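Q: Here you go, one structure.
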Amino acid sequence: MEDTSEYLIVDKSVLPEVFLKVIDAKKLIASEGISVSDAAAAVGISRSAFYKYRDNVFLLGENRRGSTVIVALDLDHRPGLLSNVLNTIADFGANILTINQTIPINGVANVTISAELNSPANDVDGLIQKIKGNKGVLALKIIARE
């Protein structure tokens, strides 16, 4: 089935009040971790109104993905090193998208990792420095960044 969605930028002053309340409820859920029922009640809409519009009403940039980076690494072939690198990426607030690893040759494994940084505060250079800080990371090269 073809996606025929079209998006418009509209001044919020012309929107029905329920759309604005859905945005407010989504903010409450994200910031305070409250339930949909509590958020809907707090902003004065029904749960059904929230569910009806939640996937179609959002702030500009709300659904924007973070930046993506693809790195190639040479890792010492020792237990737990790849796991440490992956934990470093997760601790930095990035999501792993793909991992590819070769069979270690002469004690070195080649690994390619793509990761998505979800916050503008989490810059690629900061992530690279954190990864390089793992003992056993022999080489790191940025293949691509978006």
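The values are calculated or read from the model by the stated rules, or taken from the named source; none is laboratory data. None of these values were measured; they are calculated from a predicted model. A quick note on method: Cβ atoms are made from the backbone with ideal geometry, for glycine too, and the neighbour counts reach across all protein chains shown. These area figures cover heavy atoms from the full protein model, side chains too; ligands, DNA and RNA do not enter into them. Shrake-Rupley method; radii C 1.70, N 1.55, O 1.52, S 1.80 Å.
Q: Looking only at the range 120-130, decide whether some residue is touching a residue at least 40 places away in the same chain (Cβ under 8 Å), over 15 Å from the mean Cα position of the chain (by Cα) and open to solvent by less than 30 Å² (accessible area, probe 1.4 Å).
A: Scanning the range 120-130, I find at least one residue that is touching a residue at least 40 places away in the same chain (Cβ under 8 Å), over 15 Å from the mean Cα position of the chain (by Cα) and open to solvent by less than 30 Å² (accessible area, probe 1.4 Å), so the answer is yes.
Q: Does the range 1-56 hold any residues that are part of a loop (DSSP other than H, G, I, E, B) and polar (S, T, N, Q), and which are they? Don't jump to the end; show me each part of the working.
A: Kept after step one, since they are part of a loop (DSSP other than H, G, I, E, B), are these residues of the range 1-56: 1-11, 15-16, 33-35, 44-46, 54-56.
Selection gives 4, 5, 35, 46, 56.
Q: Something else now. Inside the range 84-111, can you point out the residues that are open to solvent by 60 Å² or more (accessible area, probe 1.4 Å) and among the hydroxyl-bearing types (Ser, Thr, Tyr)?
A: Matches in the range 84-111: 98, 102.
Q: Oh, and also: Can you name the residue in the range 50-76 that is modelled with pLDDT under 95, more than 15 Å from the chain's Cα centre (by Cα) and of a type outside the set (A, V, I, L, M) and, of all such residues, is most open to solvent (accessible area, probe 1.4 Å)?
A: Restricting to residues being modelled with pLDDT under 95, more than 15 Å from the chain's Cα centre (by Cα) and of a type outside the set (A, V, I, L, M), the top hit is 52.
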